[in-house]
Amino acid sequence: KIAIIACAMALPGEKGYSRFDYLAKMLCEKGYKVDLYTSTFNHWEKAQRDKKSVEDIQKKVLYRIILAKEPGYKKNVDIRRVISHLMLSNSTVKYLEQMCKKEKYDLVYCVIPDNALAAKVSRFGRKNHIPVIIDIEDLWPEGMEMIFHIPLLSKIIFWPFRKYAKQAYDNASAYVGTSDEFRDVPLKYKADRSKPRITVYVGCDIKVFDEGCRKYRNEISKNSNEFWVIYTGTLGSSYDIATLIKSAQEIKKQGYENIKFKILGNGPMKEKFLEIASEEECNIDFLGYIPYEKMAAYLVKSDVTVNSFVKKAPQSIVNKVGDYLAAGKPMINTLSSPEFREKVRKDGFGINVEAENVTDLTKAILKIYREPILAEKYGKNARIIADSQFDRKNAYLKILDLISEMTG
């Protein structure tokens with residue numbers, strides 16, 4: 001019997017994304033009894049989940065959905081989110097205690113962040129002799145310090161997040177990182193080196209991706225002479241959309257009327273990015289949130305993807321990479337992560353450029369535009385890497401093997 005715990009996730013049919021629904025399904029198909037714990041609050045909608053909707057979802061899945069109470073918050077970076085997650089961590093552990101009185105879990109699989117949730121869950125596991133795997137999906141407080149960087153003061157403000165991270169890693173039995181860099185983060189917190197650590201990319205379900213392309217490709221209109229540059233994801237402070245907009249303005253200035261930029265997604269910085277786009281003429285469309293399957297069709301219709309991050313972004317190999325690669329298009333990467341930059345170079349699916357550099361980004365876009373043979377080569381390599389390393393049906397078998405090993 002397995003418990004999967006993930007606070008900010010989308011259940012099937014909800015706006016947003018999650019790989020934990022996929023993992024839960026895989027475990028159920030292998031004969032495990034699975035409880036999927038998440039929040040009453042939908043992170044993507046910034047609203048409480050509708051009880052009837054969750055009941056309808058429950059009828060369609062093999063695992064049991066358990067909603068832990070959380071008051072919610074309005075912004076991703078907000079003291080109210082911290083308080084909300086603290087309350088969620090308390091209610092989650094109470095549920096775990098109640099469930100284990102009826103039937104003890106054989107293993108708990110918990111995502112970090114949230115740090116407080118992971119710390120309390122791993123402490124519960126150790127106390128009750130239940131192995132806990134910590135899934136490292138993002139780095140807190142590193143991402144917060146990027147936004148609020150005040151020497152010394154930042155260290156003090158974010159100290160509780162470090163304390164909770166250390167507790168989570170100390171009490172866990174094993175770790176899954178969404179990159180090699182994330183896999184080894186527990187070692188920075190002096191965690192036991194002998195505990196199992198594996199890397200499993202977030203990836204995507206390529207079958208669903210391809211079905212989305214087939215379903216929606218004819219709905220997306222594109223002139224034969226147009227060249228599309230695409231970004232999908234959150235419009236937030238970690239993502240360097242401002243430089244992408246300025247590159248679009250520069251390309252327009254140089255007379256390339258047929259090079260179009262497509263921005264898919266929403267976020268707290270959207271109004272600011274729209275304001276930057278209005279300062280000079282450019283061929284850029286902000287299309288807002290697009291459901292996953294239709295987004296897949298947009299990626300395949302496009303000519304180059306942009307993995308766009310600011311210089312100080314702490315991310316490594318992020319969610320969208322699997323989708324970008326599955327599209328079979330060349331990628332321009334501005335993420336500073338040495339691990340991912342080396343992967344782009346070694347696997348030959350795109351070009352690394354310096355973050356926040358309009359000139360370098362513009363040159364890279366025009367290089368892909370002017371060299372179709374090179375673009376085709378990068379695109380073919382991208383799809384090969386997607387199939388071999390990012391397709392969840394294969395990649396997540398490593399997680400199942402780890403769970404099997406730890407549950408005997």
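The values are calculated or read from the model by the stated rules, or taken from the named source; none is laboratory data. Computed from a predicted structure; not experimentally measured. Reconstructed Cβ throughout: ideal geometry from the backbone, glycine too, with neighbour counts over all protein chains shown. Quick note on the areas: whole protein, heavy atoms, side chains included, nothing else; ligands and nucleic acids left out. Shrake-Rupley method; radii C 1.70, N 1.55, O 1.52, S 1.80 Å.
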Kindly indicate whether I317 is open to solvent by less than 10 Å² (accessible area, probe 1.4 Å), part of a loop (DSSP other than H, G, I, E, B) and in contact with a helix residue (DSSP H, G or I) (Cβ under 7 Å, 6 or more places away or on another chain). yes
Just one of the numbered conditions (1) under 17 Å from the mean Cα position of the chain (by Cα); (2) over 21 Å from V208 (Cα atoms); (3) open to solvent by less than 20 Å² (accessible area, probe 1.4 Å) is not true of I365; which one? (1)
Do any residues in the range 246-269 that are among the hydroxyl-bearing types (S, T, Y) have Cβ atoms under 9 Å from those of residues that are open to solvent by 50 Å² or more (accessible area, probe 1.4 Å), where the two are at least six apart or on different chains, and which pairs are they? S247/T359; Y256/Y369
Determine which member of the set A68, A118, A47 is hydrophobic (A, V, I, L, M, F, W, C) and open to solvent by 30 Å² or more (accessible area, probe 1.4 Å). A47
Checking Y73, Y109 in turn, the sole residue that is on the phi < 0 side of the Ramachandran plot, within 22 Å of the chain's Cα centre (by Cα) and surrounded by 24 or more Cβ atoms within 10 Å (Cβ to Cβ) turns out to be Y109
Among the residues of the range 333-344, write down those that are surrounded by 16 or more Cβ atoms within 10 Å (Cβ to Cβ) and without any contact (Cβ under 8 Å) to a residue 60 or more places away in the chain. N333, L335, S336, K343, V344
Would you tally the residues in the range 13-44 being in a loop (DSSP other than H, G, I, E, B) and surrounded by 14 or more Cβ atoms within 10 Å (Cβ to Cβ)? 10
Counting only residues in the range 368-408 that are in a loop (DSSP other than H, G, I, E, B) and loosely packed, with under 15 Cβ neighbours inside 10 Å, the one modelled with the lowest pLDDT is identified as G408
Go through (1) free of Cβ contacts under 8 Å to residues at least 40 places away in the same chain; (2) crowded, with 19+ Cβ neighbours inside 10 Å and name the single condition F209 misses. (1)
Can you spot a residue in the range 340-353 that is in contact with an Asp or Glu (Cβ under 8 Å, 6 or more places away or on another chain), within 26 Å of A8 (Cβ to Cβ) and not polar (S, T, N, Q)? no
Is it the case that the range 237-247 has a residue that's in contact with a Cys (Cβ under 7 Å, 6 or more places away or on another chain), under 23 Å from T359 (Cα atoms) and buried (at least 21 other Cβ atoms within 10 Å of the Cβ)? yes
Members of the range 345-362 found to be part of a helix (DSSP H, G or I) and either open to solvent by 40 Å² or more (accessible area, probe 1.4 Å) or under 16 Å from V304 (Cα atoms) (or both), listed by number: R345, K346, V358, T359, D360, L361, T362
S224 - would you say it is surrounded by fewer than 15 Cβ atoms within 10 Å (Cβ to Cβ), of a type in the set (S, T, Y) and not in a helix (DSSP H, G or I)? yes
Considering (1) exposed (fewer than 15 other Cβ atoms within 10 Å of the Cβ); (2) touching a helix residue (DSSP H, G or I) at 6+ places or on another chain (Cβ under 6 Å), say which one Y63 fails and leave the rest. (1)
Please verify whether the range 151-168 includes one or more residues that are among the charged types (D, E, K, R), at pLDDT 95 or above, under 30 Å from K320 (Cα atoms) and in a loop (DSSP other than H, G, I, E, B). no
